[in-house]
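Quick note: the coordinates plus some simple rules give every number you see, no bench work behind them. Bear in mind that the values here come from a model prediction, so they are computed numbers and not experimental data. Note that each Cβ is placed from the backbone with ideal geometry, even for glycine, and that neighbours are counted across all protein chains shown.
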Amino acid sequence: MAPKLAHKRDRADVLASFLAANFPPSSLARVVDVAGGRGDVSAALLRRGLAKTATVVEPVARRDRPGKTQHDGSEKNNEAETAGDDDDGDDGED
């Protein structure tokens with residue numbers, strides 16, 4: 001039988017309890033929660049007095065970089081942008 005999972009609303013508190021039990025308090029004083037969503041884990045650590053400061057960073061896809069994808073980090077070869085761009089200073093005519 002699989003272990004019972006905590007209810008979704010309680011998962012941040014369960015993780016905060018785990019962190020408190022397994023890491024020294026000094027390592028939890030300043031928290032950077034990357035991809036933290038609403039900041040539930042950071043809030044739970046702050047409520048417990050374990051964290052003195054907490055910053056939630058929620059990465060978003062950059063729209064100004066064509067060819068980059070958010071999920072796999074691969075770069076597509078965008079021939080339309082690179083065609084004729086050899087940086088030799090001329091206008092491409094010989």
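The figures follow:
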read-out	value
Simple spin-label estimate for Arg38 and Ala6 in nanometres, 7 Å along Cα-Cβ	1.5
Cα Rg, Dmax, the range 11-60, angstrom units	10.1, 32
